[in-house]
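Student: Below is a structure I'd like to ask you about.
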Amino acid sequence: MARVSSDHEHFSSRWTFILAAVGSAVGLGNIWKFPYEAGQGGGGAFVLVYLGFVFLIGVPVMIGELAIGRRGQSSPPIAVANLAFEEGRSVFWSILGWMGVLGAFLVLSFYSVIAGWTLDYIFKTVIGVTGQVTAETSGEVFGGLLASWERMAAWHFLFIAMTVFIIARGVTSGIEQAVTYLMPALFVLLIILVAYALVAGEARQAMLFLFQPDFSKLTPNVVIQALGQAFFSLSLGLGAVMIYGSYLPKSVSIPRSAVIIGAADTVVALLAGLAIFPLVFAYNLDVGSGPGLIFETLPIAFAQMPGGSIFGFLFFTLLTVAAITSSISMMEPMVSYLQERHYVKRVKAAIGVGIAAFVFGLGTVFSFNIWADVKLFDRTFFDTLDFVTNNLLMPLGGLLVALFVGWAMRFASVREELSSVSDGFFARIYGLLSVVCPIALVLVFLNVAGLLSFG
Ligand code: PFF
């Protein structure tokens, strides 16, 4: 068996693992990103392709990533190297772990900036700003935040500091405790918001928009966005799932857990869509307005509903919590690597990674104001990071996971790691992972490169 580091922690039960993994999956990706991407991607067609990617590609890749983590018993670069060695393969495969650590860091740097917006909105609800927001002024309020780099940087700093605080204390106790209460609370609150939006907003129009696919809207770009979003939302291809896999007790069924995580993540994304689009249509807001969508729409509802400031406060607080349970899973791969490979103390490693992510994240902060006109290939710093991680690094990580588990590892080793499921179920997972995922991912890459067009 691979080298097991003496201080490598483990989750205390299957349930706490599922909560932590759902905590990683459910975050800004579901509530902030999914609605605006669906809005920009034309609605139903995007949603359908997204669902297909989640279950046919995302869940199998998650199974593969968890299996690598649990068998490798270490931080991603070492876990993959251990396993490659054990399977008689080239150490070159550890690039998969390296890309993950780097990619997770890049995502953390901008994720924390967006999470900072949620902190700002908590503050706004407390001081009563959001109580007076109307459909006319909401855009201005949000624009005011984006225009102030100092304010964004301060919230970004605070969010990184909170992430560092939890990671420094070790994953299992802090995170396990937090997710046990906060994830169910987030779910209940979302249901209340959905109920409100369906009653007070344009429910029918929203349903049609989200669930009636108009295939003329399906361009190659929309397909790529949907794939990137599926990977982002499930936290795939960046070592976050792999590191949680390494903390996973042997007795837990990986395939069953992955299906539960995928389903929970999808339900939350769809609920977020149902909480937001009825209001977008009711107030004639622009479905394609992009990253500001939830910050511009939900406050309008909070300002009008009875007890809205309390709901607003709770909503943005829980969104922050959902973001933290995700950001810790982005910081953990690099911190555990520094700790296990270079013997850096956990606290020091967490602070160091936090400082680096803060400084790098300033690029994202500036792309909304002083660097708004600095563009590379027509993209701001933030757009570039988002594109590189979402559309390149994460799917590429997924492709390497599929190739590693499906082709580089011995069949018997994979079967042993996934021994909890029947032969029939296993055959389906293996087929998806070794054949369908690589083909689909390569096709999408060819598309990204502009070599092929099926639009
Ligand atoms: N899945 C998270 C979300 O939907 O907000 C984002 C995320 C977490 C991406 C962890 C990548 C990652 F490694």
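The values are calculated or read from the model by the stated rules, or taken from the named source; none is laboratory data. Keep in mind it's a predicted model, so treat the numbers as computed, not measured. Virtual Cβ from ideal backbone geometry, glycine too; neighbours counted across all protein chains shown.
Student: Only one of these conditions is not met by Ala427: (1) surrounded by 17 or more Cβ atoms within 10 Å (Cβ to Cβ); (2) at pLDDT 95 or above. Which number is it?
Tutor: Only one criterion is unmet by Ala427, namely (1).
Student: Pull out all pairs, ordered by first then second residue, where Cβ-Cβ is under 9 Å, the residues are six or more apart or on different chains, the first lies in the stretch 68-82 and is on the phi > 0 side of the Ramachandran plot, and the second is in a helix (DSSP H, G or I) and buried (at least 23 other Cβ atoms within 10 Å of the Cβ).
Tutor: Taking only residues 6 or more apart or on different chains, the pairs are Gln73/Ala79; Gln73/Ser246.
Student: Filter the stretch 223-237 down to residues that are over 13 Å from Ile328 (Cβ atoms) and not in a helix (DSSP H, G or I), then give me how many there are.
Tutor: 3
Student: For the stretch 89-106, name all the residues that are under 16 Å from Leu238 (Cα atoms) and of a type in the set (Ser, Thr, Tyr).
Tutor: Ser94
Student: Report whether or not Ala67 is assigned to a helix (DSSP H, G or I) and either of a type in the set (Phe, Trp, Tyr) or closer than 14 Å to Ala258 by Cβ (or both).
Tutor: Here the answer is yes, as Ala67 does meet what is asked.
Student: Looking at the stretch 195-206, can you tell me whether even one residue there is within 28 Å of Asn390 (Cα to Cα), under 23 Å from the mean Cα position of the chain (by Cα) and assigned to a helix (DSSP H, G or I)?
Tutor: No - not one qualifying residue is present in the stretch 195-206.
Student: Looking at the structure I just gave you, is Leu319 more than 16 Å from the ligand (Cβ to nearest atom) and within 30 Å of Ala168 (Cβ to Cβ)?
Tutor: no
Student: Which condition number in (1) without any contact (Cβ under 8 Å) to a residue 40 or more places away in the chain; (2) in a helix (DSSP H, G or I) is the one that Phe358 fails?
Tutor: (1)
Student: I'd like to know if the stretch 368-382 contains one or more residues that are surrounded by 13 or more Cβ atoms within 10 Å (Cβ to Cβ), assigned to a helix (DSSP H, G or I) and either at positive phi or not aromatic (Phe, Trp, Tyr) (or both).
Tutor: There is no residue in the stretch 368-382 that is surrounded by 13 or more Cβ atoms within 10 Å (Cβ to Cβ), assigned to a helix (DSSP H, G or I) and either at positive phi or not aromatic (Phe, Trp, Tyr) (or both).
Student: For Met330, work out the one condition from (1) without any contact (Cβ under 8 Å) to a residue 12 or more places away in the chain; (2) under 27 Å from Glu9 (Cα atoms); (3) within 15 Å of the ligand (Cβ to nearest atom) it doesn't fulfil.
Tutor: Failing condition for Met330: (1).
Student: Let me ask something else. Can you spot a residue in the stretch 253-271 that is part of a loop (DSSP other than H, G, I, E, B) and either farther than 13 Å from Gly39 by Cα or not small (Gly, Ala, Ser) (or both)?
Tutor: Yes - at least one qualifying residue is present in the stretch 253-271.
Student: For the stretch 383-437, give me the residue count where each residue is of a type in the set (Val, Ile, Thr), free of Cβ contacts under 8 Å to residues at least 60 places away in the same chain and either under 30 Å from Ser112 (Cβ atoms) or in a loop (DSSP other than H, G, I, E, B) (or both).
Tutor: Selection size over the stretch 383-437: 1.
Student: What number of residues within the stretch 252-295 satisfy the criterion of being of a type in the set (Asp, Glu) and crowded, with 18+ Cβ neighbours inside 10 Å?
Tutor: 1
Student: Which one of these does Asn284 not meet: (1) of a type in the set (S, T, N, Q); (2) in a helix (DSSP H, G or I); (3) on the phi > 0 side of the Ramachandran plot?
Tutor: That leaves (2) as the condition not met.
Student: Which condition number in (1) within 29 Å of Thr384 (Cβ to Cβ); (2) of a type in the set (S, T, N, Q); (3) touching a Gly at 6+ places or on another chain (Cβ under 8 Å) is the one that Thr130 fails?
Tutor: (1)
Student: Would you confirm whether or not the stretch 107-129 contains a residue that is closer than 13 Å to Gly239 by Cα, aliphatic (A, V, I, L, M), within 16 Å of the ligand (Cβ to nearest atom) and assigned to a helix (DSSP H, G or I)?
Tutor: yes
Student: Could you tell me which numbered condition Val374 fails, if it satisfies all but one of (1) without any contact (Cβ under 8 Å) to a residue 24 or more places away in the chain; (2) among the β-branched types (Val, Ile, Thr); (3) out of contact with any Phe, Trp or Tyr (no Cβ under 9 Å at 6 or more places or on another chain)?
Tutor: (3)
Student: Suppose the filter is within 15 Å of the ligand (Cβ to nearest atom), under 26 Å from Ile294 (Cα atoms) and in contact with a helix residue (DSSP H, G or I) (Cβ under 6 Å, 6 or more places away or on another chain); does Phe277 pass it?
Tutor: When the stated conditions are applied, Phe277 does not pass them.
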